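Values quoted throughout were computed directly from the atomic coordinates according to the rules given, and no laboratory measurement underlies them. Nothing here was measured: the structure is a model prediction, and the numbers come from that model. Cβ coordinates were reconstructed from backbone atoms using ideal geometry, including for glycine residues, and neighbour counts include every protein chain displayed.
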Amino acid sequence: MSTNSPSPATFGEPWPEYNDGLTYRDLVRSPDSGLTLIEYYSLRHQSSAPALGWLQRIENGQITVNGTVVTDPNTVLRIGTELVYHRRPWKEPYAPYLLEVLFEDDHLIALNKPSGLQVLPGGLFQQRTVLTQLQWRIKNQESLVPDRELCPVPVHRLGRGTSGILLCAKTKLAKTRLAALFADKTSAVSNNRKIDNEVNKVGKMSKIYRALASGIINEDEAVIDEPIGTVKYSGVAKGLYVASPSGKPALSKVHVLKRDVQNNLTVVQVEIQSGRPHQIRIHLSFIGHPLIGDPLYLTGGKPQCAVPETVDETFAEDGGYHRPANPVPGDCGYYLHAHQLVLCHPMTNEMIKITAPLPPVFLSHESGE
């Protein structure tokens, strides 16, 4: 079994002050023929902005119809009309940009993601992401080796506030095989197949995290198998993931490393046998020990505010909705670190072990300082 280099390299380019904006394309279908421009966007994209916000965008000349800027909101649309909404560049919130390389070969790259950096574009973070830094890095490499077909992309996600190992594919084939490996591990839980702890077999994978849980966990070991589903939640268009008996199967194995009575917290190691969104945050809160500093999940695996807010029909400067007052999944503040990954290399079948150094906050609590 090979391990990652003890002296990892770093890369990353500082973020520009403004991003490049975004372009959204639509093609008018038969059911929408006869709608006016303002009716179309108010109906089809109401989660992006209230009607007054869309009116502002139209009058600002941010929408083209068949390639021509149209500022009349009452323009009637016909089948086959091409619509393009141009979201203007904006200043994204602060995000770190430097990334450590923990392991790299021609097929894979494993990064040590800092807390506060989003993995893929979404919400206010469209440029300040791991994906952007990967694309910039590979673009520079392609100029040196133009015959290589590189396609850098993360094959799983970590929450914006979660630090640690993020595994990425560098080629399309590696991406396909890694995606299958992650899917197989999750499906094993979904199908209630027994998973042994021997990761030194082809196709096996072990993902181990460190976390700071609130309160003192009395048991040395705990297995949490509460299913995870979604509920409606303001500011999260596709629903918020929560502990739910009707959700999908999920399995987390918790091992207590240290009980810090003075600070009323427990340092835990968590091995996940599935990859549901926010699984560790939800599972630890489900057993009454939410992560220290978690702004969203409380005891029981539910959010602080499960009742949707009244929709705020006022709009921000860009025409979109204001940020919800309630916390959302991307908010940081909790302490969770993807510490170790053992997997069978999808191209060579070699077992590799990757470790991301613990952040100082974990070292200080584990040493008792």
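Some points to look at:
- If you run the Gaussian network model on the chain, springs between alpha carbon atoms under 10 Å, then out of Thr171, Thr266, Thr355 the most flexible one is Thr171.
- Contact order relative to length of the chain, as percent, for alpha carbon pairs under 8 angstrom and 6 or more apart: 18
- Summed residue charge, Cβ within 12 Å of Val28's Cβ, Lys/Arg positive, Asp/Glu negative: 0
- Annotation for region 20-68: trypsin sites (Lys or Arg not before Pro) lying in DSSP loop with at most 16 further Cβ atoms inside 10 Å of their Cβ are Arg29.
- Of every Cα-Cα pair in the chain, the percent that sits beyond 25 Å: 62
- Beta bridges per DSSP, both residues in the chain: antiparallel share near 95 percent.
- 3J(HN,Hα) couplings calculated from phi for region 161-174 with the Karplus curve 6.51 cos²θ - 1.76 cosθ + 1.60 (θ = phi - 60°) are, in sequence order, x, 8, 9, x, 5, 10, 8, 10, 9, 9, 10, 5, 5, 4 Hz; Gly and Pro show x.
- Ranked by how many other Cβ atoms sit within 10 Å of their own Cβ, fewest first, the residues Phe182, Phe103 fall in the order Phe182, Phe103.
- Pairwise inverse Cα distances across region 22-87, averaged and inverted, put the Kirkwood hydrodynamic radius at 11.5 Å.
- Per residue, the Cα convex hull of region 13-123 amounts to 158 Å³.
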